[in-house]
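Take a look at the structure set out below.
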Amino acid sequence: MYEQNNTQPPDRSAAQQDAIDINDFVFAATGARLRRLTLPDGEHWFVAADAATQLGYANTRQALLAHVAADCTRSLAEIAQGVCTADALRKLAAHRLQKSMKMVNLKGLVRLVNGCTKPACEPFKAWVSDVIQTVQQQGSYSLEPAPGRPVPAVGTAYVMPEQVVEAIVRLEERNLYADEMLAAAAGERNDLLRQITDSQNRMADALRDIAEALSRPSHSAPTPGLTAQQLLDTWKKRHLLVTDDVHTVAAVLAPALARGEARYRVEEIAARTGMSQDRVHDCLRMLLKRGCMRQIGCSTDGAPVYVLP
């Protein structure tokens, strides 16, 4: 087992020390690779898919949701933000790292490994545990390869022509710009859809008000020469005034109804008759139910408007 490191020698300059480092840990038993990214502050992040595949997880995302806390996993784009220089992009491209990849820190890697219960994965789990422990203690990991197994030449695992690396860097920059443009277009589209929805809602409300106004029947003109007493006598003959309270309320409304419209609030009728507002309300409901009058709306002061049917 060994660590393949394509980073600069220890005597590199201060400017280079600010760059990210990328290492490939190789499990000699199978040749499986575990890629690690080290930030300038020394924090380590590992490619979740590298470990999840060797641990037998069918879906890396589901494995992370099931076993790794949210604060232990981030996307490569989030991790590389602020340190993603042209040199860093070349390193990412050389190690086939994409910004959409999910990464886990040391704590997340431990949880991902511990979540695997498959016996066949025990050798790989033991090796990862060894890597984690050594990295925590020494900050790096480097062991001799297993006997009888060839060691790949350092720096040859992911060699790419300079032109290809430059093309990948330019493509990554274009992808980032395209993502920004798509996000802006999506925001404008959502604003436009919201404005259209608001306009449609206002139009629907206006059409509903018009429909209600058209469907509301206009009240009939009063009978010429009809008096309040004649109106009360007609109601009594038809047995529409079933109680004295109903008759009392009807007597208040009759003069105005005979002229065309009666506009009284419940409080006004209660004050004129000495009855409670609840009782006045019940009497008005009785007059409406028995067809003595009908309500066609309310006046500007909120008083109900009653007319003869």
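Listed by position, the helices (runs of 4 or more DSSP H) inside region 18-104 whose residues that are farther than 29 Å from THR117 by Cα and either in contact with a Leu (Cβ under 7 Å, 6 or more places away or on another chain) or not aliphatic (A, V, I, L, M) (or both) number at least 1 are 76-79, 86-94.
Of the residues making up region 262-278, those that are part of a loop (DSSP other than H, G, I, E, B) and either outside the structural domain of LYS236 (by TED's automatic domain parsing) or exposed (fewer than 15 other Cβ atoms within 10 Å of the Cβ) (or both) are GLY274, SER276. Look at region 298-309: where a residue is farther than 19 Å from PRO255 by Cα and a partner is not small (Gly, Ala, Ser), sitting 6+ places away or on another chain with Cβ atoms under 7 Å, you get GLY302/ARG265. Reported count of residues in region 279-309, each being surrounded by 13 or more Cβ atoms within 10 Å (Cβ to Cβ) and assigned to a loop (DSSP other than H, G, I, E, B), is 5. The residue that is surrounded by the fewest Cβ atoms within 10 Å (Cβ to Cβ), among those in region 242-253 that are touching a Lys or Arg at 6+ places or on another chain (Cβ under 9 Å) and without any contact (Cβ under 8 Å) to a residue 24 or more places away in the chain, is HIS247. Within region 76-93, is even one residue under 14 Å from ALA49 (Cα atoms) and touching a strand residue (DSSP E or B) at 6+ places or on another chain (Cβ under 6 Å)? So far as region 76-93 goes, yes, one or more of its residues are under 14 Å from ALA49 (Cα atoms) and touching a strand residue (DSSP E or B) at 6+ places or on another chain (Cβ under 6 Å).
The values are calculated or read from the model by the stated rules, or taken from the named source; none is laboratory data. Not measured: the values here are computed from a predicted model. Positions of Cβ are generated from backbone atoms using ideal geometry, with glycine treated the same way; all protein chains shown enter the neighbour counts.
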